[in-house]
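Input: a single structure, listed below in structure tokens.
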Amino acid sequence: MESLAQTLTSLYLSQNNLSGTVPDYFLEFKALSTFDLSRNRFTGVVSMSFAKLKSLFHLKLSHNLLTGPLPDLNPLNGIASLDLSYNKFHLKTIPQWVTSSLSMYDLKLVKCGIKMNIEEWEPVRTRLFYIVDLSKNDISGSPARFLNHADVLQEFQASGNKLRFDLGKLNFTKSLRILDLSRNLVYGKVPASVAGLRKLSLSQNNLCGKLPVTQFPASVFAGNDCLCGSPLPPCKT
């Protein structure tokens, strides 16, 4: 291990049924750019010592049993890809060091105990985001400002929140390919621009009106009581 401490750049330990707290000796690998501990059984808090990994570019800790508030990892200002999903975090808000990052493009915070109004989230580099997944939290408000300015965003997932806004007034960026807003409080009409998406889920919302022509199945729009038109039942005349 000691011989690798200064030279190892990638460490993948996903799906190994590892348990206990994250060993401190992992944090001696100062050259790490990719660190993946996902899908194990790690417990305890994320140590502030993670901030010593100043070459870190990708950090994936998803699907573990990690707890407690996330420490301020602002020294990791070069981190671009972060996945903390499916742990036992209670972050309350998207961490400030994430918001102020100059390089973050891939952010996954599924089921991280976030309870905030998304309109209060103002990333320094909105136009840099490529993938954002904030599903299964308690996030309210409208993501319209973020979505309208994320020029290269390809995937936005925020199912199972309390987002409330008029979908018909949303301007999709040309880059967007995947949109999941299912199980929210989204209202208004479904715009014709959704036809250009590769994957879509708008089920279990408050959408209304006649659907535009798309190739999506009925399940994409299910649970919106006053939507009508193919692939749902015809609109009443």
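State which residue is surrounded by the most Cβ atoms within 10 Å (Cβ to Cβ) when the search covers only the range 116-138 and only residues that are charged (D, E, K, R) and at negative phi.
Here is the first cut: in the range 116-138, the residues charged (D, E, K, R) are 119-120, 122, 125, 127, 133, 136, 138.
With the extra rule that they be at negative phi, the set shrinks to 119-120, 122, 125, 127, 133, 138.
Numbers: Glu119: 15, Glu120: 11, Glu122: 10, Arg125: 14, Arg127: 12, Asp133: 19, Asp138: 12.
Checked the range 116-138; the qualifying residue surrounded by the most Cβ atoms within 10 Å (Cβ to Cβ) is Asp133.
Across the range 164-188, the number of residues qualifying as touching a Gly at 6+ places or on another chain (Cβ under 7 Å) and surrounded by 19 or more Cβ atoms within 10 Å (Cβ to Cβ) comes to 2.
Within the range 1-50, the set of residues being farther than 18 Å from Ser85 by Cα, assigned to a loop (DSSP other than H, G, I, E, B) and among the small types (Gly, Ala, Ser) comprises Ala5, Ala31, Ser33.
If only residues of the range 51-70 that are of a type in the set (Gly, Ala, Ser) and in a loop (DSSP other than H, G, I, E, B) are counted, the one that is farthest from Thr21 (Cα to Cα) is Ser55.
Restricting attention to the range 185-203, does a residue exist that is under 29 Å from Leu56 (Cα atoms) and either in contact with a helix residue (DSSP H, G or I) (Cβ under 8 Å, 6 or more places away or on another chain) or among the polar types (S, T, N, Q) (or both)? No: zero hits.
Residue-wise test of (1) touching a Leu at 6+ places or on another chain (Cβ under 8 Å); (2) at pLDDT below 95.
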| position | (1), (2) |
| --- | --- |
| Tyr86 | no, no |
| Pro123 | no, yes |
| Asn161 | yes, no |
| Leu167 | yes, no |
| Leu179 | yes, no |
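Search the range 212-234 for residues that are free of Cβ contacts under 8 Å to residues at least 12 places away in the same chain and pair each with any residue that is of a type in the set (Val, Ile, Thr) when their beta-carbon atoms are under 7 Å apart and the residues are at least 6 apart or on different chains. Pairs found: none.
The condition (being touching a Cys at 6+ places or on another chain (Cβ under 9 Å), within 25 Å of Val194 (Cα to Cα) and of a type in the set (D, E, K, R)) is satisfied by just one residue among Lys108, Lys136: Lys136. Do the conditions hold for Leu82, that is, is it assigned to a strand (DSSP E or B), under 19 Å from the mean Cα position of the chain (by Cα), without any contact (Cβ under 8 Å) to a residue 60 or more places away in the chain and crowded, with 17+ Cβ neighbours inside 10 Å? The answer is yes for Leu82.
Go through Gly168, Gly160 for me and flag whichever is out of contact with any helix residue (DSSP H, G or I) (no Cβ under 7 Å at 6 or more places or on another chain) and assigned to a helix (DSSP H, G or I). Every option except Gly168 fails the conditions. Report whether or not Gly141 is in the same structural domain as His63 (by TED's automatic domain parsing), surrounded by fewer than 19 Cβ atoms within 10 Å (Cβ to Cβ), without any contact (Cβ under 8 Å) to a residue 60 or more places away in the chain and not polar (S, T, N, Q). No.
The values are calculated or read from the model by the stated rules, or taken from the named source; none is laboratory data. As the structure is a computational prediction, the values presented were derived from the model and not from experiment. So basically every Cβ, Gly included, is an ideal-geometry build from the backbone, and we count neighbours across all protein chains shown.
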